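> Here it is: the structure, laid out below.
Read the figures in this text as sums done on the coordinates, not as results from a lab. It should be emphasised that the depicted structure is a prediction, and the values quoted were computed from it without experimental measurement. Note that we place each Cβ from the backbone using ideal geometry, even for glycine, and neighbour counts take in every protein chain shown.
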Number of protein chains: 4
Amino acid sequence: MNISVAVSGASGYAGGEVLRLLSTHPEVRIGAITAHSSAGSRLGEVQPHLHSLAGRIIEETNPANLAGHDVVFLALPHGASAEVAAQLPPEVLVIDAGADHRLEDADAWHRFYGSEHAGTWPYGLPELPGARDALRNARRIAVPGCYPTSALLALTPGFAAGLLQPDDVVIVSASGASGAGKALKSHLLGSEMMGGMSPYGVGGSHRHTPEVEQGLGWAAGAPVTVSFTPTLAPMSRGILTTATARVTPGTTAEQLREAWETAYDDEPFVTLLPLGQWPATKSVLGSNFAQLQLAFDEHAGRVVVSCAIDNLTKGTAGGAVQSMNIALGLPEITGLTGSGVAP
Amino acid sequence: MNISVAVSGASGYAGGEVLRLLSTHPEVRIGAITAHSSAGSRLGEVQPHLHSLAGRIIEETNPANLAGHDVVFLALPHGASAEVAAQLPPEVLVIDAGADHRLEDADAWHRFYGSEHAGTWPYGLPELPGARDALRNARRIAVPGCYPTSALLALTPGFAAGLLQPDDVVIVSASGASGAGKALKSHLLGSEMMGGMSPYGVGGSHRHTPEVEQGLGWAAGAPVTVSFTPTLAPMSRGILTTATARVTPGTTAEQLREAWETAYDDEPFVTLLPLGQWPATKSVLGSNFAQLQLAFDEHAGRVVVSCAIDNLTKGTAGGAVQSMNIALGLPEITGLTGSGVAP
Amino acid sequence: MNISVAVSGASGYAGGEVLRLLSTHPEVRIGAITAHSSAGSRLGEVQPHLHSLAGRIIEETNPANLAGHDVVFLALPHGASAEVAAQLPPEVLVIDAGADHRLEDADAWHRFYGSEHAGTWPYGLPELPGARDALRNARRIAVPGCYPTSALLALTPGFAAGLLQPDDVVIVSASGASGAGKALKSHLLGSEMMGGMSPYGVGGSHRHTPEVEQGLGWAAGAPVTVSFTPTLAPMSRGILTTATARVTPGTTAEQLREAWETAYDDEPFVTLLPLGQWPATKSVLGSNFAQLQLAFDEHAGRVVVSCAIDNLTKGTAGGAVQSMNIALGLPEITGLTGSGVAP
Amino acid sequence: MNISVAVSGASGYAGGEVLRLLSTHPEVRIGAITAHSSAGSRLGEVQPHLHSLAGRIIEETNPANLAGHDVVFLALPHGASAEVAAQLPPEVLVIDAGADHRLEDADAWHRFYGSEHAGTWPYGLPELPGARDALRNARRIAVPGCYPTSALLALTPGFAAGLLQPDDVVIVSASGASGAGKALKSHLLGSEMMGGMSPYGVGGSHRHTPEVEQGLGWAAGAPVTVSFTPTLAPMSRGILTTATARVTPGTTAEQLREAWETAYDDEPFVTLLPLGQWPATKSVLGSNFAQLQLAFDEHAGRVVVSCAIDNLTKGTAGGAVQSMNIALGLPEITGLTGSGVAP
């Protein structure tokens, strides 16, 4: 209990989830809790599920309030996090749940976000090859997007093993509503969402597309082209990603399974399910776990990988805390061992 | 009100939906209502939403009870419908909501269903090129599967116009729980389904795969290879299909849009939405309408088409009634003009 | 098809439901469709489920645009409807889905709504004793609130038969989110609503409380005191009301059942279910039907009545169209025979 | 980590939740995991959300397999738990999540459960007056029913303070589907449950009625009469209870609030919310917390108390672990500090 942590953006879903996880993290003391429009309120008013922190007062998000902590989590709109981070001392561990420092390619950043590129930070998806080395002792960490987390967990083993063709990946993901945040938009109303599904960002326009291509490119050692379609599902949390790629000629089902088994056998949070069992977002709800399964469709020449995560936990706050643990030299699973909340 | 209709399988979801639509169809008189294990019950016990038919007694499904009607709807497990149909006179219009007579390829039937092929009937998806000619005066009609309905509506215009490549179609669909019927399986319990998503039949094993390939092959004039992944979404009704295919080199966004516009401009039940608006399953809930939108992802070289239908209405019972109307020479939209029930 | 109808408030849920029902009403021609902030848009943009009306342009809500129709539906915020109604000629049938003209007691109006009382119109719940007489040839109709519709259908037979005590009625209702309208409030977001329930307006503060007391008072012939608690349920539509009252001493279960049977045996839209079957909001979804069941809890000395309606249909737009039919001398069920959309 | 625990009924929802909580309980080592029909399976097959226990093999539920543990949790059908418990040594702490040992009144047991009364054990709702004394060092504990937990938390303070009249309590509760367990019944299918609500056990027939009356009677020091109506809501978890009682003449709103404040100010898991904030089941989802709020309806002469719990956590497994902690002399909150999983 000797690491002090500040959390900004505490009134949003990502910030709330960071606080939920940290509230039972045994090595952490929660310091400043900051937000913007709700500054001055009791946390219990805006995050009534955070019982042990209900009486804490939300402070304004600014460098002064965030100062003096060992770790600062930024759960802010893109643009804002880069600005705040620039004012924090280099020895503070800054973990950005936003998009500002995920992309290496300044052009891609500009094309999809329309602003100046703020630079690239170590990428907080520890299960990627080599990622833990970059995170160890890092003082700046970019938390991956929720869709990219699921997509990269799904396909990286195949690309890393050289079994997949990079030119025609197709990914369709279904996300719960919390992925869209707390913005008051009519299509996010309960009346509109309950009982129905719809797509958005179709045709490659979703901002997570370049991030998925970047991450798969790392594994493939070559550019990867992705057709990515996100859809909005009638649930609060969870991402179910269906990711398919053409296999390289001659690849067998056994080779495919072995590649994923090898990649994840020792991973504490990623489970390749036994044959015959399929991922379900409810099985990982509220947890830092990811479930995967794959099938080789020989007829179509494609591997199909299904990956289920909780978009707010493994997809955001859980991945952030996992990366914090690595950066601080704590056991990686500290504070993250909770099971999925099912049914 | 002079066409007499019998409905078998009346205790299931498909049979219930046929009855719901027929109960307000102005040209139809509902005769025998049959089922198996619930025979002898009041319909109101097993289908409490069918208020105007609540007092009707369910009879046993057999040729004698189905005899003497102008039209017989079969909403039975596959295998059963072929058996019953064989005992009905040729002049009766038999509309099979099951799978028995959809596939032309006896080998594909055997591979996916494991039984003897029962022969092929005219395919009840009027929006396919040439389909109405085959349905006019038909006395046997095979109602398409719910997933194939959405997939064929999504991609047929592009194949028919020669703009799509047949060798690498990828389709991911999300379906409401009613698509799985009333079978008492633990993964279909409300506790398990609400708030979560999961895939099934991954890797090309779903029985609708050959039906989608068959239908797209008709449009392409050549074999089409499809990677199809169905997923189960936390809603009672609705299918949201994301269908993508590689475009032929040189194809423009304008050509693509024109192909779909041309195909559907005069269709009463299929709407290509204005640019910027995306399909939503709630917009078609309980209705015979389909909503489509497409985007050309030039970067990935793929067109992505989104299609929303109600799996029980346009995907089953509505398509069946629409086909009945055509076969009987009634105006095609008779009894099917109801809007989606939203929000 | 010779009655011309204008619908104001067409961008909201109540207005949308009026349009949905009218779009298949055989005696009605839909004229002006008006709203405020969405004036100028295609209806299909804001109500994408109303397929047959998608191309219609929304006009501004004002007396000029509403003029020249036989019937005008007002689905406006309270206050606004009284203002618009005052400018419409007396021979036009004006049906107000808002609250302005429901209450007889100007004090109660002032206490719960804080503004000037605009006067009382015939109450559009035809199933109440004597209601049809008041509605026949009426040219102003106040559509009941959705909760009062369910509560009055639940308890009126018992009060009318003198079997219930007026001093201690307790009603708890669960409503779908559409009852709260399209207002952009954070507690109505899908993320917040899906998978959870919460109460609101507890302790008698909900504006429907005096309306329920007024209606039960009509049946009891004496003031009735009601404790009413509304709750918000994770569904888009539907109200499930649990209404209980103390029975008068000596009352038997048979007398109770007979009172409800007598009241509803001839009603086209209200079903007292057979013993052993309980109402379900899904059984009436999208329909004008109400389902009821009652139980006599002798131990507690209370009758418990359960009533399920669709808040937007029987609870608002369906009741409005039913009342219109009566006022215009049409068969009461015209355009309202559609079954519930289940599952 | 030196207390060994066995969990029977591990394939059901209650057993799964016990395991979920114990898997992160710092003082507990999970020994035998037993069930009946799934004995021999990996736990991961039937409870795929319990990641850290996925590889454990389920054993048959019998005294031999349960022997040798410090604590045995029984999550079995009523009847079965009494039978198993009778074969466990007296020094083992046996915690029964079933109904067998909750009721003091053998007649009430017989009337509602139809079998022989198995005797009464200390009641595991620590927040009741005097309950902790009975639980300290207990070796047999009856876990309360989920509805009674919410109802007793709601009304006990008022009865204990003498502010409520015992003759006319009305309680209406909405429960998520998991309260009905994993039984394969058609009305529990996702298709039937999603998007709708229905009541059951109306008229005082639900088995939790005598348990609620018993518990309120303890607080009132006199028999309490309750009209209890449970309803099934479209969510997996959660109970929202609306409980109302007539206040004794002369009681003020301040006295009421003070009674509840006094009762719960020091309780670690029960929160009386600040005025203006209402309970929500999502705020306590997956947690051992209960949220309450009350309102005095002076017009109706009733206090209305709203209480939200998670039926599987505070309503079953969380309450069970909390009681275990007390019985074993551990800090009461050990292993139970997790927040609600929201949104």
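> For an R0 of 41 angstrom, estimate the FRET efficiency from the Cβ-Cβ distance between residue B:57 and residue C:183 and round to the nearest 0.05.
Details: r = 47 Å, r/R0 = 1.15.
In this case the efficiency is close to 0.30.
> Restricting attention to region D:44-96, which GluC sites (Glu not before Pro) occupy a DSSP loop and are surrounded by at most 12 other Cβ atoms within 10 Å?
For GluC sites (Glu not before Pro) across region D:44-96 that sit outside H, G, I, E and B with at most 12 neighbouring Cβ atoms in 10 Å, the list reads D:91.
> Assuming R0 = 56 Å, can you tell me the calculated FRET efficiency for the pair residue A:2 and residue D:133, based on Cβ-Cβ distance, to the nearest 0.05?
Details: r = 38 Å, r/R0 = 0.67.
That gives a FRET efficiency of 0.90.
> Highest mean first, what order results for D:98-105, D:259-266 on Cβ atoms within 10 Å?
D:98-105, D:259-266
> Oh, and also: Work from the charge dipole of region B:1-144 (Cβ charges, +1 for Lys and Arg, -1 for Asp and Glu, about the Cα centre) and give the residue of B:74, B:7, B:101 farthest towards its positive end.
Result: B:7.
> Please give the contour-minus-distance gain from residue D:205 to residue D:29: 0.36 nm per residue of separation, less the Cα-Cα distance, rounded to one decimal in nm.
Result: 59.4 nm gained on full extension.
> Nearest 20 debye, what's the magnitude of the dipole of the protein assembly as shown about its Cα centre given +1 on Lys and Arg Cβ and -1 on Asp and Glu Cβ?
For the protein assembly as shown, the charge dipole is close to 0 debye.
> Considering just Cα atoms, how many Å³ per residue does the convex hull of region A:258-318 enclose?
90
> With an 8 Å Cα cut-off and a minimum separation of 6 or more residues, compute the relative contact order for region B:213-325 in percent.
Over region B:213-325, the number comes to 28 percent.
> Using only atoms on other chains, find how many Cβ atoms lie within 10 Å of each Cβ of peptide A:273-279 and report the average.
4
> Local charge sum around residue B:225 (other residues, Cβ-Cβ under 10 Å, Lys/Arg +1, Asp/Glu -1)?
Taking every other residue near residue B:225 into account, the sum is -3.
> Just need the relative contact order of region C:124-177 here, percent rounded to a whole number, with Cα pairs under 8 Å and 6+ apart.
Working: 22 pairs, mean separation 15.8, N = 54.
Computed over region C:124-177, the figure is 29 percent.
> Add -39500 (n - 2.57) for each DSSP H run of 4 or more in chain D, then divide by its residues: what number comes out at 222 nm, to the nearest 500 deg cm²/dmol? Walk me through the numbers on the way to the answer.
Values: 11 runs with 92 residues, N = 343.
Only helices count here, giving -7500 deg cm²/dmol.
> Given an 8 Å cut-off on Cα distances and at least 6 residues of separation, report the relative contact order of chain B as a percent.
17
> Could you give the distance between the Cα centres of region C:1-17 and region B:213-237, to the whole Å?
Centre-to-centre (Cα) distance: 39 Å.
> Please give the charge dipole size of region B:216-294, origin at the Cα centre, charges +1 on K and R Cβ atoms and -1 on D and E Cβ atoms. Round to the nearest 20 debye.
For region B:216-294, the charge dipole is close to 420 debye.
> Report, by chain and number, residues whose modeled amide H sits under 5 Å from the one on residue C:140, excluding near sequence neighbours (fewer than 5 apart, same chain).
When sequence neighbours closer than 5 places are left aside, the close amide H contacts are C:94.
> What shape does the protein assembly as shown take by its C-alpha gyration tensor, where a ≥ b ≥ c are the square roots of the eigenvalues and a/c under 1.5 counts as rounded, a/b above b/c as prolate, and the rest as oblate? Numbers along the way, then the final one.
Numbers: a/c = 1.37, a/b = 1.00, b/c = 1.37.
It comes out rounded by the Cα gyration axes.
> Just list whichever of B:182/D:314; C:182/D:314; A:314/D:185; A:185/B:282; A:314/C:182 have alpha carbons separated by over 23 Å in the model shown.
From the list (B:182/D:314; C:182/D:314; A:314/D:185; A:185/B:282; A:314/C:182), the Cα-Cα distance tops 23 Å for B:182/D:314; C:182/D:314; A:314/D:185; A:314/C:182.
> Further question: With Cβ to Cβ distances under 14 Å as the rule, what net charge do the other residues near residue B:327 carry (K, R +1; D, E -1)?
-2
> Given springs between every Cα pair under 10 Å in a Gaussian network model of chain C, which of C:189, C:125, C:256 has the largest fluctuation?
Ranking C:189, C:125, C:256 by mean-square fluctuation puts C:189 first.
> Continuing with this model, one more query. Pull out a ≥ b ≥ c, the square roots of the eigenvalues of the alpha-carbon gyration tensor of chain A, then state rounded if a/c is under 1.5, prolate if not and a/b is larger than b/c, and oblate in the remaining case.
In terms of gyration-tensor shape, prolate.
> Right, another one. Output wanted: per-residue J couplings in Hz (rounded whole) for region D:291-298, from phi through Karplus 6.51 cos²θ - 1.76 cosθ + 1.60, θ = phi - 60°, x for Gly and Pro.
10, 10, 8, 9, 9, 9, 8, 4
> Right, another one. What average count of beta carbons from other chains do you get within 10 Å of the Cβ of residues in A:329-339?
For peptide A:329-339, the averaged partner shielding equals 3.
> May I pose another question? Give me the inter-chain shielding for A:8-16: mean count of other chain Cβ atoms within 10 Å, whole number please.
The shielding value for this peptide is 1.
> Please label the shape of region A:36-172 as rounded, prolate or oblate, based on the square roots a ≥ b ≥ c of the eigenvalues of the alpha-carbon gyration tensor (a/c under 1.5 means rounded; beyond that, a/b larger than b/c means prolate, else oblate).
In terms of gyration-tensor shape, prolate.
> Still on this structure, I have one more. State to the nearest 20 debye the size of the charge dipole of chain C about its Cα centre, where the only charges are +1 on K and R beta carbons and -1 on D and E beta carbons. Intermediate values should be presented prior to the final figure.
Details: 19 positive and 31 negative charges, 170 e Å.
So the dipole magnitude of chain C works out to roughly 820 debye.
> Also, I was wondering about something else. With chain A treated as a Gaussian network of Cα nodes joined by springs under 10 Å, which of A:281, A:251, A:149 yields the largest mean-square fluctuation?
A:251
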